[in-house]
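> One structure is given below, represented as structure tokens, and several questions about it will come after.
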Amino acid sequence: MISCQDAGLQNIFLQALEQAIDAAVITDETGTIIFFNAAAERLWGYGRDEVLGRPIGCLVPKGDGNPADLVVGASRELRIRRKDGATRWGAVSLSRVAAHGRTILLGFVRDVTEEVARREELYLLSLVANETDRIVIVTGGDRRIVYVNRAFTEMFGYELAEVRGRWPIELLAGRRTDPKVLQHLRRRAGVERGFHEELITYSKSGEEIWVSTTVNTVLNADGTLKNIVAVLADITENKQIEALQRDVLEALAKDMPLPEIAAMICHRVEAIAAGVFCSILLVDQDGRLRPLAAPSLPEQYSEALNGLEIGPITGSCGTAAYLGIPVVVEDIATDPLWEAYKALALPLGLAACWSSPIKLRDGRVAGTFAFYFREKRGPSPWHEHVVNACTHLCALAIERHEAKTHIAQLAYFDTLTGLPNRARLHQLIDSLTHDPDAANAPIACLFLDIDHFKDVNDTLGHSTGDRLLIEVAQRLQNQLRPTDAVSRLGGDEFVFILPDCDADGAVAVAKRIIDALSAPLRVGALTLSVSVSIGISLYPDNGGDKETLLKHADAAMYQAKGAGRGTYRFFSPEMNRFAQERLILSAALREALAQDALELHYQPQLRTVDGKLHGVEALLRWTHPTLGSIAPERFIPLAEESGLIEAIGEWCLRTTCRQIAAWRAAGIDIGTVSVNLSSQHFRKRDLPRLIAALLDAHDVPPEMLTIEITESVMMDDRTATIETVRAVQALGVGLSMDDFGTGYSSLSSLTRLPISELKIDRSFVQELGQDEQAQAATQAVIRIGQSLGMMVIAEGVETEEQWHILKALRCQAAQGFLLSPALPAPALEAWLADHPATARTASHLDVAWSI
Ligand SMILES: Nc1nc2c(ncn2[C@@H]2O[C@@H]3COP(=O)(O)O[C@H]4[C@@H](O)[C@H](n5cnc6c(=O)[nH]c(N)nc65)O[C@@H]4COP(=O)(O)O[C@H]3[C@H]2O)c(=O)[nH]1
């Protein structure tokens, strides 16, 4: 107990201690509690009776030490253990009092639990602000910086002291900062809560940093601005990748060549990912690596990889391409994948290589994208991020390149033979004739046409024709010097362009080509012999531009054809006239058809047995207003080439039907009328319908019409042709085989189609009486035709002798100048009137030679 000489004063002191706001605890020198005021009772939750006489240690949690050991005079915080088990914090100030030979310890304790908690919270918050990678900037209500965190200092290089009081935007914005974004920031900061912007900022040293910023506004209770809190993240690398993506897409849109795009990707990636050497390789169709870009690797390294076959243990790239998965080699020196190749990489200081396959949308591995490192290591997540973006970009670029190549292939190359096409040929001639280095150097242009190709197409079918063209193209290509080019213009026409080649050189090449093609070609199961006709024109003498050069070579080619085929001819000015004439004729023929200026003449066919009329052959005549009469042998091939032949055939059929109807109406018995149709008509399935409609429209009995077909129709084994011929025959119309014996057809093939009539070609007839073999051949044709139940008619009978021989050979009918040329309808009628002996009798149809 405290004793005091002045009991009154003692009492005052005790009252003061008792009523103190802070808890007051007094212990004696042994640490035993001798005083515990009311505030202490509240703080600890103990009544004083429960603690007086107990050691002071009972007031703090076990293990926190003895409060009596606290330094006297200093203020300390210690934990308080309350009676209810809760813990609170108290700030203790301790005094030692010595009087009357006794020493006591007086401790005042203030409850600071809330303060400690707030301080802890602040400490944690400061951790958040300072230990994060995010940059934090806080401004006051005047928008000037009051706080920046450690990340800010690390990123921008400014200490808090340097930036305090400055405006953040003015501090960080710079040359390339988007002014619009700055304007947004100024307008929204301090007004809106939680908005984002991305902008370029600048560090103290001037380094450009892309940041994404989130800005929050803190207001006072009265709504005035208290703080602005901006949290920034460095997105420079993402932005760099985005920029790279954008630039690659732009480059693609601008049609930048693939190697340039690849080099750009490498350069940019090396700038983003420091210490990396980039390499992009392509995988070709044979599974071989082809360097595309590796701008920072020595050229000889890329060259060494060129042509390397991909496989399961082929370094990083060859293996990645082979397996289709990324391959990480952290140590080239020891990794088995590099065993065979490390000697290439190690001397260059390349220690590690990580390669990823570039996969296209169809799953095909088109190439590899690789990172080489100088130290042994694998990729970081950031590297992976870059590579993911880049393999995607590379795939896009390669796909685009392939699509472009394919389009160019379609646009500039013939799909059948793979040779350059006409468009490419034009480009080539232009580039040669416009090359200032090769000014006036002669260029030879060789125009090739396969002889009788049409017959192959018509008789053996288009697929055989196509395969023949492929074989021919192959042989032609084998004749090329490295500087020469051969292209296919279409059909069976090929053009050679021989730079720096004079007339002698052109002859040598022409001969070589003719030779090369003279050996039989195997086309599937067939062996075919082909020959070519070649026209030669020379630049600049025969033409100073591509059109003229080609036109003149074409004209020369026609001369080569005319000279017996299988040979070559040089262009001469006369040929030009000939070629022009062909053009003029073609246009004039079209006009004649449109203006109904063509005519049909009819040549009588008489039976040899009694001289009576068997029928007539309708033959086309064209008289040009200035050029005069033009022979069908000139204009029919033109019509076939220009596609006019179909319309001409239709016109002939219509005119014939109309004429038959007119004769029938006039009571003139003309027998059958033969109309010549080209093989092209039989490829149209609507021919039977057309004939049926014309017969019907003019009320012509089908047996009065005979269609003359050529051997090429008979040999055409296309289903469409065979079906059309059969459908025409099914109408009741006769089918006559024209010019028999002049082409490829064999007698046995006669049975394939429902032929009712055979015409012996006039080349046989003209030899009758002079050549025994011709007579034997004619006889054989007559016999076989008749044995197949066909009518046999001889063409081109010009002499009595021929007529008598044919009669003796029992050829049933004949036509020819001896009897009558082809005549216009009125003239024919007059001829018939003048030759009453030819008049048909009712029984004559039954008369036929039999063998
Ligand atoms: N040397 C000689 N020739 C004679 C004699 N008798 C008739 N000729 C001619 O021989 C040709 C017979 O016609 P082709 O063999 O069908 O040969 C025809 C035929 O293949 C074709 N042609 C004629 N008209 C047409 C037609 O309307 N359409 C089609 N597609 N071709 C036609 O043109 C070829 C030639 O017709 P044209 O010049 O009219 O020539 C006709 C005719 O005038 C004679 O005694 N001696």
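The values are calculated or read from the model by the stated rules, or taken from the named source; none is laboratory data. Keep in mind it's a predicted model, so treat the numbers as computed, not measured. Every residue, glycine as well, gets a Cβ built from its backbone with ideal geometry; the counts of neighbours run over all protein chains shown. Heads up: the accessible areas ignore ligands, DNA and RNA and are worked out on the full protein's heavy atoms, side chains in. Shrake-Rupley method; radii C 1.70, N 1.55, O 1.52, S 1.80 Å.
> Gain in length, A243 to V116, computed as 0.36 nm per residue apart minus the alpha-carbon separation, to one decimal in nm?
Gain on extension, A243 to V116, equals 40.7 nm.
> What angle do you read, to the nearest 10 degrees and between 0 and 90, between the alpha-carbon axis of helix 645-665 and the longest principal axis of the chain?
For helix 645-665, the angle is close to 40 degrees.
> Considering only protein heavy atoms, what per residue accessible area in square angstrom results for the chain with a 1.4 angstrom probe?
48 Å²
> Let me ask something else about it. Which entries of K62/K83; K454/K546; K511/K561; K454/K511; K454/K551; K180/K226 show an alpha-carbon separation above 18 angstrom in the structure shown?
Too far apart for the 18 Å limit: K454/K546; K454/K511; K454/K551; K180/K226.
> Turning to a different aspect of this structure: Can you pull the one-decimal nm distance between simple spin-label points at T30 and E767, each 7 Å off the Cα toward Cβ?
15.7 nm
> A follow-up question, please. When the dipole is taken about the Cα centre of the chain, and only Lys, Arg (+1) and Asp, Glu (-1) are charged at their Cβ, what size is it in debye, to the nearest 20?
In debye, rounded to 20, the chain gives about 2880.
> Indicate, rounded to the nearest 5 percent, the antiparallel portion of the DSSP beta bridges found entirely in the chain.
Roughly 85 percent of the beta bridges in the chain run antiparallel, per DSSP.
> While we're on this one: Helix 381-412 versus the longest principal axis of the chain: what angle, 0 to 90°, nearest 10, using Cα atoms?
10 degrees
> Which value results for Rg/Rh of the range 371-424 when Rg is the Cα radius of gyration and Rh the Kirkwood radius based on the inverse mean 1/r?
Taking Rh as the inverse mean 1/r over Cα pairs, Rg/Rh reads 1.36.
> If you don't mind, there's one more thing I want to ask. With a ≥ b ≥ c the root eigenvalues of the C-alpha gyration tensor of the range 588-825, is it rounded (a/c under 1.5), prolate (a/b larger than b/c) or oblate?
Taking the square roots of the gyration eigenvalues as a ≥ b ≥ c, the range 588-825 is rounded.
> To continue, here is another question. If I take the Cα coordinates of the range 7-115 and project them onto the principal axes, what are the three extents in Å, biggest first?
39, 25, 24
> Okay, moving on. Could you compute how fast the range 423-548 diffuses translationally, taking Rh as the Kirkwood radius over C-alpha pairs and applying Stokes-Einstein at 25 °C with viscosity 0.890 mPa s? Give it in µm² per second.
In µm²/s, the coefficient is 161.
> Based on the Cβ-Cβ distance from D331 to E270, what FRET efficiency comes out when R0 is 35 Å, to the nearest 0.05?
FRET efficiency, D331 to E270: 0.95.
> Hey, for a label at D284 modelled as a point 7 Å past Cα toward Cβ, could you say which residues of the range 292-324 have their backbone N under 11 Å away?
The answer is 306-309.
> Here's something else I'd like to know. Of all accessible surface on the range 588-825 at a 1.4 Å probe, what whole percent is carbon and sulfur?
So the carbon and sulfur contribution to the accessible surface is 51 percent.
> On the accessible surface of the range 248-410, probed at 1.4 Å, how many percent belong to carbon and sulfur atoms?
Within the range 248-410, the accessible surface is 56 percent carbon and sulfur.
> Continuing with this model, one more query. Per 10 Å bin, what is the whole-percent P(r) computed from every C-alpha pair distance within the range 132-234?
For the range 132-234, the binned pair fractions read 16, 52, 28, 3, 0 percent.
> Also, quick follow-up: In a Debye calculation with equal point scatterers on the alpha-carbon sites of the range 248-410 and no solvent, what is log10 I(q)/I(0) at q = 0.16, 0.20 Å⁻¹?
-0.84, -1.34
> Per q in 0.11, 0.14, 0.15, 0.18 1/Å, what log10 I(q)/I(0) does a Debye calculation on the alpha-carbon atoms of the range 248-341 return?
Evaluating at q = 0.11, 0.14, 0.15, 0.18 Å⁻¹ gives log10 I(q)/I(0) of -0.35, -0.57, -0.65, -0.91.
> On C-alpha positions alone, give me the angle between the axis of helix 573-594 and the longest principal axis of the chain, in degrees, nearest 10.
Compared with the principal axis, the helix lies near 90 degrees.
> Within the range 347-454, which chymotrypsin sites (Phe, Trp or Tyr not before Pro) sit in a loop by DSSP and count at most 15 neighbouring Cβ atoms inside 10 Å?
Here no loop site has a sparse enough neighbourhood.
> Continuing with the same structure: Counting only helical runs of four or more DSSP H residues, what would the 222 nm mean residue ellipticity of the chain come to if each run contributes -39,500 (n - 2.57) and the total is spread over all its residues?
Per the formula, -12500 deg cm²/dmol.
> Over 22 Å, how big is the tail of the calculated P(r) for the range 606-723, in percent of all Cα pairs?
Tail fraction, whole percent: 42.
> Let me ask something additional. Using only the heavy atoms of the protein chains and a 1.4 Å probe, how would L52, L690 rank by accessible area, largest first?
Most to least solvent-accessible, the answer reads L52, L690.
> Using the Karplus curve 6.51 cos²θ - 1.76 cosθ + 1.60 with θ = phi - 60°, work out ³J(HN,Hα) for each residue of the range 821-837 in order, rounded to whole Hz, and write x for Gly and Pro.
x, 5, 10, x, 3, x, 5, 4, 4, 5, 4, 4, 5, 6, 10, x, 5
> On a full-extension model of 0.36 nm per residue, what is the gain between L323 and E723, subtracting their alpha-carbon distance, rounded to one decimal in nm?
Net length gain for the segment: 138.6 nm.
> How many percent of the alpha carbon pairs in the chain exceed a separation of 51 Å?
Roughly 56 percent, rounded to a whole number.
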